[in-house]
Structure formats: C-alpha cells, structure tokens
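Only one structure is covered here, and it is reproduced in the block below.
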Amino acid sequence: MGGLRCVDGSFLTVTPVACTDSVGVPYEVTLELRRDGTPYGTVGERCGWMLVRLARGVDEARAGRGPAACWPDPDDRFPDEEPDSELFAFRYRTRSSVVGGGELRCQLRTIPIWVPRPGRPGEWRLTRRAFVEAWGAGGVGMRAVLTSGELAEFVRELVDEAEGCLGGRGLARNPVEDLPRNPIDGAGTGETR
C-alpha cells in the first residue's frame, strides 16, 4: 500500500484492489483511498497499466532521457515536457458515467524559488514538483508535494502491490490489447460483403 504525508498533516493511503471478471479471475486494479485510515474514495478502475507507464516514464526522466534532461537536478525531472501538465487523473464513475465518490490526480507545477547569495545579487531557481491531490466523496481535498524521486517510489510501490493482487500478472500492457482478436477477415473495419 502506498502512502503520502500531505501538507495539512493528514496521511493518504492508496491501496490497489483487484478487479475480477465474472468467474472471479483478477484482471486489473482499482485504487482505494483512505485518509488517516478512514475510507475516502475508490478511483481509477483498470488503471494499473497507466501506473506502469508512469513509473517507467518517471524512471526514464530521472535518468536524463528525453526533454527532462534539461533540468540539472534529477528531482526536478518528470516525464512530461509541458511545464504545468497533468500526469494522471483517476476518478470514480458510476455505471451511468456520473463522476463522484473520489478523485486522485497528479499535476506538475514549476515553482520559482529566490536564492539569496551573500555579497552579491540573489537569483531565481526553478524547481518542478508533482502535486498529488485527492478528493473524497464529501469534497474535502488533500495534497502532497513530491519530487520526482518521491513520486517514482510511490508509484513503484503501487505497481508492485497491484501486480501482487493479480498473482504476478504484469500490468505493462493496455488490457484492451490483450483481448482476443476476431478471426473473421474485415471484422471491425467497416467493410461489407
């Protein structure tokens, strides 16, 4: 179970829970949120493969691959090159697609920090941080501010636990890609006979 200490002092726990098919076989995960041990929401149905992609992206960015290499400090390196972008947003949806019951999202923010220097003019230093925000069904929010190293550790813990929920089945592929293919030529292409 992954957990984050939030800026208000509360503790957000995120636990992957297996989604099962009609015969009880686990195939993906949903995330259960708790605030200081109290149920807070359930979000992100079938989000495991997205977490794997994020974990891989953060690891690559921290290693200095891609556009993130322009940031000298590895803790400022994230997979998205846009300055203030969203890395993920998981929401609870009812069968009728009504949103409610919780949300977990992660946005990148660029933060200027004034660095004073003795005997000479100070300077601005830019940092990037991941703002992980959660909302419960009651609308009360929580926020944790993470470096890329802290985000990598948090997401890797979630992925490891999710794969454990699935009996070791990897989450690296989009579940839609694992569906059996229709053996009929032309099926799904709009062609008619």
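If a/c stays under 1.5 just call it rounded; otherwise compare a/b with b/c (prolate if a/b is bigger, oblate if not). Do that for the stretch 2-176, with a ≥ b ≥ c from the square roots of the Cα gyration tensor eigenvalues.
Taking the square roots of the gyration eigenvalues as a ≥ b ≥ c, the stretch 2-176 is prolate.
With θ set to phi - 60° and the Karplus curve 6.51 cos²θ - 1.76 cosθ + 1.60, what are the ³J(HN,Hα) couplings of the stretch 9-19 in order, to the nearest whole Hz, using x for Gly and Pro?
For the stretch 9-19, the Karplus curve yields x, 6, 10, 9, 10, 10, 10, x, 10, 5, 8 Hz.
So, in nm, how far is label Arg143 from label Glu123 when the simple model puts each one 7 Å beyond its Cα toward the Cβ?
2.9 nm
Report the net charge of residues surrounding Gly64, where surrounding means a beta-carbon distance below 13 angstrom and charges are Lys +1, Arg +1, Asp -1, Glu -1.
Spelling it out: positives minus negatives among the neighbours equals -2.
Mind giving me the nanometre distance, one decimal, between the label points for Val17 and Glu45, set 7 Å out from Cα along Cα→Cβ?
1.2 nm
Under the Karplus relation 6.51 cos²θ - 1.76 cosθ + 1.60, θ = phi - 60°, what is the ordered set of whole-Hz ³J(HN,Hα) values for the stretch 22-34, x standing for Gly and Pro?
Per residue, the Karplus-derived 3J(HN,Hα) values read 5, 9, x, 8, x, 10, 7, 10, 10, 9, 9, 9, 9 Hz.
Roughly how many whole Å is it from the C-alpha centroid of the stretch 1-68 to that of the stretch 154-169?
9 Å
Could you tell me whether the stretch 106-152 comes out rounded, prolate or oblate from its Cα gyration tensor? Rule is a ≥ b ≥ c as square roots of the eigenvalues, rounded for a/c under 1.5, then prolate if a/b exceeds b/c, otherwise oblate.
Here the stretch 106-152 falls in the prolate category.
Thr38 to Arg91: extension gain in nm, 0.36 nm per residue of separation minus the Cα-Cα distance?
Full extension from Thr38 to Arg91 adds 17.2 nm.
No value in this document is a laboratory result; all are computed from the given coordinates. Being a predicted model, the structure only gives us computed values, none of them experimental. Cβ: placed from backbone, ideal geometry, glycine included. Neighbour counts: every protein chain shown.
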